[in-house]
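*Asks:* Below is one structure. I have some questions about it.
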Amino acid sequence: MKKSISGFSKLSKRKKLRWIVENFFKDPESVMRELMSYWHTNEDQQRILDGFSENTISNYYLPYGVAPNFIINSKTYCVPMVTEESSVVAAASSAAKFWSVRGGFTATVINTKKVGQIHFIWSGNYQRLQQVFDELKNRLCKEVEHITHNMRKRGGGILDITLLDMRHLDDDYYQLKVDFETCDSMGANFINSVLETFGQTLKAFVEEHPDIPENEKDLEVIMAILSNYTPECLVRCSVTCPVSDLGDFSDNMDANAFATKFCRAIKIARVDAYRAATHNKGIFNGVDAVVMATANDFRAVEACGHTYAARDGQYRSLSYCSVENGVFKFWLDLPLALGTVGGLTKLHPMARRSLELLGNPSAQELMKIVAATGLAQNFAAIKSLITTGIQQGHMKMHLLNILNHLGATEQEKKISTIYFEDKVVSFTAVQHYLDGLRTKKKSVSS
């Protein structure tokens, strides 16, 4: 039974770590040194990182890679990607290079509208509230002018407020749906600040309005919060070329056969939820990596994307494919609420470098870059699935992970990589081969 503690959050970082290692690890001094070894050597940078969360005791490192040769709307990018999954960066890079000589990626932001909601319970007369709703909207907007001032100066702010009757779902249940434009900010804190003030104003409005009778003045705000489902904050990205320009593939697969098989694979992901889940996970392999590299909220992006994939009642692929009149087209529509100012985008030192690497893009430009990376990842995955199989690329990286786990030297890695080029990779097979190498080396040296 592990010990509990009172006042843990008030301890210094070093004391938190000391308590953790002494109560949960068998070798506390060794673990203490290990976890402290991941502290940033620059104390100022470490203080910034510690400020991102609570009860921090160390840093958790993930690989920071880049995928070059992305041509998006005729502009060339080197895309930063943070991911631990084998072959993701390689796959994105491969697809980017493939399409760089076939016109690159075309991306268009369709809309940037974000959504907030006030959920409330009220047993009054709905028509009465409708009749005074314009008055309510004016008061709502007026009482948040101090919050929206700077956002309005940048061209954003509140776009619309709608009263929704939700009584078909729950007794006396209503919503205020509020649409926002947050420009280059993701806008979560801004939206939530506006909504919480709206909740107070809504309750006061009903209590004070002379046209609402005393028996209808009891309005309860359940919650006021942004929605991470932003189906109108949408970007479309595509690649297209004549089928004949796709080239030839392994196992003597020509361009026509490839295009036909590729489209069939996408169709399967459109109609089968089991396949769609893995298919979309592949898209988010690319999307999440760029979102994380720029210190945006990958959890919100994933939640929104998966909700969007099920918007017609069945979970489906986020990407589409067509072959018409000899032209291959592959595209996706992806809802993305991103920011390039505010939040951690400027605080996190690596996020700042990521944005600089991308040319300090606007939020809309970042939406296009992220969508293109997701589409590239999807193209590479489907290309592998219908030709060589997905394991060939994965196993190359898996082999390296196994060799590192087994403590292989650089020379052993080199020899093993050549040996396993045409063989099945498994932990047992690699261990057996490595043991053989080492036994042979010992025999030669003795």
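The values are calculated or read from the model by the stated rules, or taken from the named source; none is laboratory data. What you see is a predicted model; the values in this text were computed from it and never measured. Because the Cβ atoms are built from the backbone with ideal geometry, glycine has one as well, and the counts that use them run over all protein chains shown.
*Asks:* If I ask for residues that are more than 8 Å from the chain's Cα centre (by Cα), under 15 Å from A351 (Cα atoms) and of a type in the set (V, I, T), which ones from the stretch 281-314 would you list?
*Replies:* The initial filter retains those residues of the stretch 281-314 that are more than 8 Å from the chain's Cα centre (by Cα), namely 281-283, 285-286, 293-295, 303-314.
From the residues that got through so far, the ones that are under 15 Å from A351 (Cα atoms) too are 293-295.
Hit for the stretch 281-314 is T294, nothing else.
*Asks:* Given the criteria in contact with a His (Cβ under 8 Å, 6 or more places away or on another chain) and surrounded by 12 or more Cβ atoms within 10 Å (Cβ to Cβ), does V132 qualify?
*Replies:* Numbers: in contact with a His (Cβ under 8 Å, 6 or more places away or on another chain): yes; surrounded by 12 or more Cβ atoms within 10 Å (Cβ to Cβ): yes.
Yes.
*Asks:* Counting only residues that are within 26 Å of E85 (Cα to Cα) and not aromatic (F, W, Y), which one in the stretch 47-62 is surrounded by the fewest Cβ atoms within 10 Å (Cβ to Cβ)?
*Replies:* Restricting to residues being within 26 Å of E85 (Cα to Cα) and not aromatic (F, W, Y), the top hit is S53.
*Asks:* While we're looking at this one, here's another question. Quick test of your reading of the structure: E84 fulfils all but one of (1) at pLDDT 95 or above; (2) within 30 Å of L375 (Cβ to Cβ); (3) outside any strand (DSSP E or B). Name the failing condition by number.
*Replies:* Going through (1) at pLDDT 95 or above; (2) within 30 Å of L375 (Cβ to Cβ); (3) outside any strand (DSSP E or B) one by one, E84 breaks only (1).
*Asks:* Given the criteria within 30 Å of G389 (Cα to Cα), among the aromatic types (F, W, Y) and in contact with a Phe, Trp or Tyr (Cβ under 9 Å, 6 or more places away or on another chain), does F190 qualify? Outline the logic, then answer.
*Replies:* Values: within 30 Å of G389 (Cα to Cα): no; among the aromatic types (F, W, Y): yes; in contact with a Phe, Trp or Tyr (Cβ under 9 Å, 6 or more places away or on another chain): yes.
So F190 fails the test.
*Asks:* With the requirement that a residue be at pLDDT 85 or above, polar (S, T, N, Q) and within 26 Å of the chain's Cα centre (by Cα), what does the stretch 383-405 give you?
*Replies:* S384
*Asks:* Still on this structure, please answer the following. Any chance you could count how many residues in the stretch 132-169 are over 22 Å from C233 (Cα atoms) and among the charged types (D, E, K, R)?
*Replies:* Qualifying residue count for the region: 9.
Conditions (1) in contact with a strand residue (DSSP E or B) (Cβ under 6 Å, 6 or more places away or on another chain); (2) β-branched (V, I, T); (3) modelled with pLDDT of 95 or more, marked per residue:
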{"site": "Q314", "(1), (2), (3)": "no, no, yes"}
{"site": "W331", "(1), (2), (3)": "yes, no, yes"}
{"site": "T340", "(1), (2), (3)": "no, yes, yes"}
{"site": "G343", "(1), (2), (3)": "no, no, no"}
{"site": "P349", "(1), (2), (3)": "no, no, no"}
{"site": "L366", "(1), (2), (3)": "no, no, yes"}
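*Asks:* Identify the residue in the stretch 406-432 that is surrounded by fewer than 17 Cβ atoms within 10 Å (Cβ to Cβ) and hydroxyl-bearing (S, T, Y) and, among all such residues, is modelled with the lowest pLDDT.
*Replies:* S426
*Asks:* Could you figure out which of (1) surrounded by 16 or more Cβ atoms within 10 Å (Cβ to Cβ); (2) closer than 21 Å to A90 by Cα; (3) out of contact with any Ser or Thr (no Cβ under 9 Å at 6 or more places or on another chain) isn't true of G389?
*Replies:* (1)
*Asks:* Name every residue in the stretch 66-93 that is over 26 Å from C183 (Cβ atoms), surrounded by fewer than 20 Cβ atoms within 10 Å (Cβ to Cβ) and of a type in the set (S, T, Y), in order of residue number.
*Replies:* S86
*Asks:* Among the residues of the stretch 5-41, count how many are surrounded by 11 or more Cβ atoms within 10 Å (Cβ to Cβ) and not in a helix (DSSP H, G or I).
*Replies:* 6
*Asks:* For D288, indicate whether it is in the same structural domain as Q175 (by TED's automatic domain parsing) and in contact (Cβ under 8 Å) with a residue 12 or more places away in the chain.
*Replies:* Working: in the same structural domain as Q175 (by TED's automatic domain parsing): no; in contact (Cβ under 8 Å) with a residue 12 or more places away in the chain: yes.
Answer is no for this residue.
*Asks:* Within the stretch 158-169, track down each residue that is in a loop (DSSP other than H, G, I, E, B) and either under 28 Å from the mean Cα position of the chain (by Cα) or loosely packed, with under 11 Cβ neighbours inside 10 Å (or both).
*Replies:* H168, L169
*Asks:* Filter the stretch 87-136 down to the residues that are part of a loop (DSSP other than H, G, I, E, B), among the polar types (S, T, N, Q) and assigned by TED's automatic domain parsing to the domain that holds Y173 and list them by number. First the steps, then the outcome.
*Replies:* Here is the first cut: in the stretch 87-136, the ones part of a loop (DSSP other than H, G, I, E, B) are 87, 101-104, 113, 123-125, 132.
Now narrow it down to the ones that are among the polar types (S, T, N, Q): 87, 123, 125.
Within the stretch 87-136, S123, N125 meet the criteria.
*Asks:* Evaluate the following for E22: is it in contact with a Pro (Cβ under 9 Å, 6 or more places away or on another chain), among the charged types (D, E, K, R) and either outside the structural domain of F330 (by TED's automatic domain parsing) or over 20 Å from N296 (Cβ atoms) (or both)? Break it down into steps so the answer makes sense when it comes.
*Replies:* Working: in contact with a Pro (Cβ under 9 Å, 6 or more places away or on another chain): yes; among the charged types (D, E, K, R): yes; either outside the structural domain of F330 (by TED's automatic domain parsing) or over 20 Å from N296 (Cβ atoms) (or both): yes.
In short, yes.
*Asks:* Which of (1) within 30 Å of G359 (Cα to Cα); (2) basic (K, R); (3) free of Cβ contacts under 8 Å to residues at least 24 places away in the same chain does R236 not meet, given it meets every other one?
*Replies:* (3)
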